[in-house]
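The values are calculated or read from the model by the stated rules, or taken from the named source; none is laboratory data. As the structure is a computational prediction, the values presented were derived from the model and not from experiment. Reconstructed Cβ throughout: ideal geometry from the backbone, glycine too, with neighbour counts over all protein chains shown. The accessibility values were calculated without ligands, DNA or RNA, using every heavy atom of the protein model including side chains. Shrake-Rupley method; radii C 1.70, N 1.55, O 1.52, S 1.80 Å.
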Amino acid sequence: MIFISRDQKQYKANLHSHSTHSDGKLTPEELVEAYKKEGYSILAITDHEYPCVHKKLSSKDFLMITGYEAYIRPSKLCVYDKYSAEIHLNLIAKDPDNNAIVAYDPLFCKYMPLPKAVVAPHVGKIGPRKFSVPYIQEFINEANKAGYLVSLNHPCWSMQETAQLEHLDGIWSVEVFNTGSMLTSDYAENMPVYDFLLRHGKKFYCHGADDNHNKLPFGDMLCDSFGAWTMVMADSLKYKDVIDALEKGKFYATTGPVIKHLEIRPGLKPVVHIECTNAKRITMHMTPKFTKVVYDKDGKGVMTADFTVPKDAPYVYFSITGSSEAGGGKAYTHAFYRDDFN
């Protein structure tokens, strides 16, 4: 099985951003212009509780994804508490015209003007939100039924207890890199949460995104744009093809390194072959205690690795730590399972 082909087009995507429709400082048009200049091909403007169709900003070489960010807090009044947990979910629409609001609550959906909220399509129960596993699960279920892919956003920043997360189903992908929260808390990644979920049987994907609000100018050390992204292996830049690739996990998360080829060679002793941009190390992860590593021993870097997958590993995933010469950063794939090696 070839997961990433040398000849396959990879589209650079930011699947989490905010505009002036909520608490972002740039207009949708300004965001499109900025991300085009940085070599992106895909952008999802996911304003808080404000599903908005931006397909008019799409072009032949740039695709706008419809979606929004929902959040659930312990406070029924939606009061922000920096000392308590909450949960944020990005809803990525499979249909570009889908702007349905899930479980509308005017106290949470404060950015969308009331006249628009009244006429927008609604799904799920309208009324107060509850910060409980049953309610969050019901919210995810309604979002899935409404045609959304649901991602778990910045779990470390949200301080959501992993003991609660392990009971949630219907999540499409976990945001393992989030530029905004990386800059806020200096937590580089959310992989420990992702690994925990894998160990508890959750077959979620993982991706990277900015979560940019652009309160600081481009070039500022704490600017939250262009720090983490998702490389999508879609057949084309058509909306349907990109969503199909996202649904099937044809993507990986990165803050710099590019994975050029990843091939699973089945057999009695299955092997995974990886090729990438210049790196310090290439790692196959099985648990936090158990990894296999190919690393830079002579200062020239490494660009290829072959790993034999142990028989007792229920899943493996891979990371690339970029060399300083190649710009540094890190990349992660989602997990591959025993069935993938047969």
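Summary table below
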quantity	calculated
Hits in region 184-223 (condition: part of a loop (DSSP other than H, G, I, E, B), crowded, with 24+ Cβ neighbours inside 10 Å and at pLDDT 95 or above)	ASP210, ASP211
Output for region 76-95, where each listed residue is in a loop (DSSP other than H, G, I, E, B) and open to solvent by less than 30 Å² (accessible area, probe 1.4 Å)	CYS78, ALA85, GLU86
Condition met for PHE318 (under 21 Å from MET191 (Cα atoms), in contact with a His (Cβ under 8 Å, 6 or more places away or on another chain) and crowded, with 18+ Cβ neighbours inside 10 Å)	yes
Cβ pairs under 6 Å, 6+ apart, first in region 183-209 and of a type in the set (A, V, I, L, M, F, W, C), second open to solvent by 50 Å² or more (accessible area, probe 1.4 Å)	LEU183/LEU222
Hits in region 300-314 (condition: among the charged types (D, E, K, R) and modelled with pLDDT of 95 or more)	ASP306
Of all residues in region 157-173 being open to solvent by less than 40 Å² (accessible area, probe 1.4 Å) and either out of contact with any strand residue (DSSP E or B) (no Cβ under 8 Å at 6 or more places or on another chain) or of a type outside the set (S, T, N, Q) (or both), the one that is nearest to ILE92 (Cα to Cα)	TRP172
Conditions (1) more than 12 Å from the chain's Cα centre (by Cα); (2) touching a residue at least 60 places away in the same chain (Cβ under 8 Å); (3) surrounded by fewer than 21 Cβ atoms within 10 Å (Cβ to Cβ): number failed by ASP235	(2)
Residue list for region 141-161, filter: farther than 18 Å from PHE177 by Cβ and modelled with pLDDT under 95	GLU161
Among (1) surrounded by fewer than 19 Cβ atoms within 10 Å (Cβ to Cβ); (2) touching a strand residue (DSSP E or B) at 6+ places or on another chain (Cβ under 7 Å); (3) touching a residue at least 60 places away in the same chain (Cβ under 8 Å), the one test that ARG265 misses	(3)
